[in-house]
Amino acid sequence: MPLTDQQRARLLQIFQQKLSQCTVCQVDSWQISDSIFTLQEFTNNPFFRKGGSVYPVVPVSCNNCGQVIFFNAIKLGLLDAQPLQ
Ligand SMILES: [Zn+2]
């Protein structure tokens, strides 16, 4: 789900306060995703891929080493905590 201009502005404000040096390479250069992604609970049964927990996340990657960290889009205030229909 692409971020709106308002959501991007909110993220920039939040991450300017929260992000500092990368924990892997100690460089302070980040790329914030333009979209919200989901992390879905893994299941090894191919016939039951629906259900389980889903986390909406915003990936942020280090421009130097490529480490990717995820922030919960609900905790960031980008989405309501209501279950999806
Ligand atoms: Zn890094």
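Key figures for this structure:
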read-out: Candidates 14, 74, 32, ranked by Gaussian network fluctuation over the chain, Cα under 10 Å, top entry; value: 14
read-out: Within the chain: Cβ-based charge dipole about Cα centre, in debye rounded to nearest 20 (Lys, Arg +1; Asp, Glu -1); value: 140 debye
read-out: Theoretical ellipticity at 222 nm over the chain - DSSP helices of four or more residues, -39500 (n - 2.57) apiece, nearest 500; value: -5500 deg cm²/dmol
read-out: Rough spin-label spacing in nm, given labels placed 7 Å along Cα→Cβ, for residue 27 and residue 68; value: 1.8 nm
read-out: Residue 18 paired with residue 39, simple spin-label distance in nm, labels 7 Å along Cα-to-beta-carbon; value: 1.3 nm
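Every number here is computed from the coordinates shown, using simple stated rules; none is lab data. Because the structure is predicted, anything quoted here is derived from the model rather than measured. Please note: Cβ atoms are built from the backbone with ideal geometry, for glycine as well, and neighbour counts cover all protein chains shown.
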